[in-house]
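**Student:** Have a look at this one.
The values are calculated or read from the model by the stated rules, or taken from the named source; none is laboratory data. Everything numeric here is computed off the predicted structure, so don't read it as measured data. Ideal geometry is used to build each Cβ from the backbone, glycine not excepted, and the neighbour counts take in all protein chains shown. Ligands, DNA and RNA are stripped out before the accessible areas are found, and what is left, the full protein with its side chains, is counted by its heavy atoms. Shrake-Rupley method; radii C 1.70, N 1.55, O 1.52, S 1.80 Å.
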Amino acid sequence: MATALDTFIKQTEQYTNNLAREALIDPLTGLLNRRNLEKLMKQWMFESEEFTLLIMDIDRFKIINDTYGHNTGDIILIHLAALLQNTVRKDDICFRFGGEEFVVLIKGTPLSEAYALSEKIRIAFETNENPIGKTCTLSLGLAHYPSQAEEPTELLKLADQALYEAKRRGRNQSCVFE
């Protein structure tokens, strides 16, 4: 009886741990999700940790889905997630924000260094071979804590405004919130 109960308890704990993990991880890309992003931003802000938020969007992603299908679109998302993880530094953290949008929190970095990293990501995505064999590009927006915002939602809003400025300027570029 005790063995069956021990087994049941271990299985329940494993199931609960799996559910908790699934709630924090994007199932397609394996990156952390938006819920984790907000939690980590609050923690870093509480600890007064300087960081830059980099938000990016795959340019004309709807055309990729419409032309090649959603399965191929998913492969492009997975490709970008892998590229991000291989390009950022070990202390930087990557997230799938939603749809074709991704975020990187760049820890302990002023905007000038974060901008250089954003350009490295942008150029790598544009020039590396991808699953559709056609050039794909990114638009990126950056905002810095604590110099530009003091709250997570405010920082996200500023980075998002910079992202849309990159789109307005013709896409395939990085813009810092000004």
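**Student:** Rounded to two decimals, what is Rg over Rh for the chain when you use alpha-carbon atoms and the Kirkwood radius?
**Tutor:** When Rh is taken as the Kirkwood radius, the ratio is 1.07.
**Student:** With each run of n ≥ 4 DSSP H residues scored as -39500 (n - 2.57), what mean residue ellipticity at 222 nm is computed for the chain after dividing by its residue count and rounding to the nearest 500 deg cm²/dmol?
**Tutor:** -18000 deg cm²/dmol
**Student:** Let me know the volume per residue of the alpha-carbon convex hull for the range 58-160, in Å³.
**Tutor:** Dividing the Cα hull volume of the range 58-160 by its residue count gives 91 Å³.
**Student:** How would you rank 101-110, 64-73, highest first, on the average number of other Cβ atoms within 10 Å across their residues?
**Tutor:** Packing proxy ranking, top to bottom: 101-110, 64-73.
**Student:** Right, here's the next one. Under a crude label model (7 Å from the Cα following the beta-carbon direction), how far is Glu126 from Thr72 in nanometres?
**Tutor:** The answer from the label model is 2.2 nm.
**Student:** Pull out a ≥ b ≥ c, the square roots of the eigenvalues of the alpha-carbon gyration tensor of the range 33-113, then state rounded if a/c is under 1.5, prolate if not and a/b is larger than b/c, and oblate in the remaining case.
**Tutor:** Taking the square roots of the gyration eigenvalues as a ≥ b ≥ c, the range 33-113 is prolate.
**Student:** Restricting to lysines 8 or more places apart or on different chains, can you count the pairs in the range 76-158 with Cα atoms under 20 Å from each other?
**Tutor:** The result is 5.
**Student:** Let me ask something additional. Just from the alpha-carbon atoms, what are the Rg and Dmax of the range 22-75 in angstroms?
**Tutor:** 15.3, 46
**Student:** Another question about this same structure. For Arg169 and Ala82, compute 0.36 nm times the residue count separating them, minus their Cα-Cα distance, and round to one decimal in nm.
**Tutor:** Fully extending the segment from Arg169 to Ala82 adds 28.6 nm.
**Student:** Quick test of the membrane-span-like rule: which DSSP H helices of the chain reach at least 20 Å along their long axis (C-alpha atoms) with mean Kyte hydropathy at least -1.0?
**Tutor:** For the chain, where a helix must reach 20 Å along its axis and average at least -1.0, the hits are 2-24, 70-87, 111-127, 152-168.
**Student:** How much accessible area per residue does the chain have, counting only protein heavy atoms and a probe of 1.4 Å, in square angstrom?
**Tutor:** 56
**Student:** Hey, rough spin-label estimate for Lys42 and Thr3, points 7 angstrom out along Cα→Cβ, what's it come to in nanometres?
**Tutor:** Roughly 4.5 nm, to one decimal.
**Student:** Roughly how many percent of the accessible protein surface of the range 29-178 is carbon and sulfur, given a 1.4 Å probe and a whole-percent answer?
**Tutor:** 47
**Student:** Quick one: which of 159-171, 44-56 comes out on top by average Cβ neighbours within 10 Å, and what's the full order, highest first? Present the calculation step by step, with values, prior to reporting the outcome.
**Tutor:** Values: 159-171: 16.8, 44-56: 18.9.
Descending packing order for the listed peptides: 44-56, 159-171.
**Student:** For the range 115-176, what mean projected area does the convex hull of the alpha carbons give, in nm²?
**Tutor:** Averaged projected hull area, Cα only: 4.6 nm².
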